[in-house]
Amino acid sequence: QITLKESGPTLVKPTQTLTLTCTFSGFSLNTTEMGVGWIRQPPGKALEWLALIYWNDDKRYNTSLKTRVTITKDTSKNQVVLTMTNMDPVDSATYYCARLGHFRGRFFHYWGQGTLVTVSS
Amino acid sequence: DIQMTQSPSTLSASVGDRVTITCRASQSIGIWLAWYQQKPGKAPKVLIYKASSLESGVPSRFSGSGSGTEFTLTISSLQPDDFATYYCQQYNSYWTFGQGTKVEIK
C-alpha cells in the first residue's frame with residue numbers, strides 16, 4: 001500500500017523559512033523513474049505545483065518560486081523535504097506531497113492528505 | 001511556461017445530466033494531460049491520465065478526450081458523488097494545473 005504524509009509547522013511568521021517533510025511508504029525513491037513532488041493550494045484557490053525530485057536526484061522547480069524553494073530527499077528514511085524561504089501571508093496554503101505515476105506517466109498518482117500552513121505574525 | 005485554462009469555472013447541473021469540462025493549453029502538450037477530482041478538505045484524486053486513460057477504479061461514466069491544446073472531461077450521467085471541483089493538469093513540460101471547475105447542484 002502506497003502512502004504519503006506531510007508534516008511540519010502549522011504556523012510560520014513572515015520572512016521565516018518553512019520546512020516540510022513528506023514521509024512515504026510502499027515504494028522506494030531509489031526506483032528508476034520514480035519522483036515525488038510538492039503542490040500547494042491556498043484556501044479556495046487552485047492547485048500550484050512547486051517542486052519535484054527524481055530517483056536520480058534530478059530536481060525541477062516552478063520558475064516563479066525557484067529562488068525560494070529547495071527540494072531534497074533522504075532515501076534511507078523514505079522522506080522528501082521542501083524548504084521555502086522568506087514566507088509571506090500569500091504563501092498560506094495546504095501543502096501536498098505526491099508521487100508520480102512511475103511508468104504510467106508523470107502525473108501525480110498518489111497524494112498525501114495535505115498539511116495546512118498559515119503565515120501570520 | 002505552459003498555461004492551462006479551464007472552462008467553465010462553475011457549472012450547475014442535475015443528477016443524470018451529461019457534463020463536459022474543457023481545458024486548453026497555451027501550447028501543444030500532446031496527450032500528456034490528467035484530470036483530477038477534488039472534494040472539500042481532501043486531496044485531489046486522479047480520474048484520467050494520458051488524456052483518455054481511465055484510472056483503475058474510476059467509474060466508466062468519466063471519460064477524457066483531446067490532444068495538442070484542446071481537451072475535454074465528460075461525465076456521461078452525473079451522480080450525487082460527482083459534485084466536486086475538477087482540475088486538468090499538463091505534464092508535458094513540468095507540471096501546470098488549470099484553475100478548476102466546480103460542479104454544483106442545480
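Looking only at Cα atoms, what is the convex hull volume of the range B:24-87 per residue, in Å³?
Values: hull volume 5.4 nm³, N = 64.
Cα convex hull per residue, to the nearest whole number: 85 Å³.
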Order B:66-72, B:1-7 from most to least packed using the mean count of other Cβ atoms within 10 Å.
B:66-72, B:1-7
Along the Cα→Cβ direction, 7 angstrom out, place labels at A:ILE2 and A:ASP74. What is the inter-label distance in nm?
2.3 nm
How long is the range A:42-90 along each principal axis, judged by its Cα atoms, biggest number first, in Å?
35, 21, 19
Dividing the alpha-carbon radius of gyration of chain A by 2.2 N^0.38 Å, where N counts its residues, gives 1.00
Largest fluctuation, A:LYS77, A:LYS45, A:LYS59 only, Gaussian network model of chain A with Cα springs under 10 angstrom, belongs to A:LYS45
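How many percent of Cα pairs in the protein assembly as shown exceed 33 Å? Show your work: numbers first, answer last.
Details: 3862 of 25651 pairs.
Of all Cα-Cα distances in the protein assembly as shown, 15 percent exceed 33 Å.
Read-outs: derived from the displayed coordinates by stated rules, not from any lab. Fair warning: this is a prediction, and the values are worked out from it, not measured in the lab. Glycine gets a Cβ as well: all are built from the backbone with ideal geometry, and neighbour counts include every protein chain shown.
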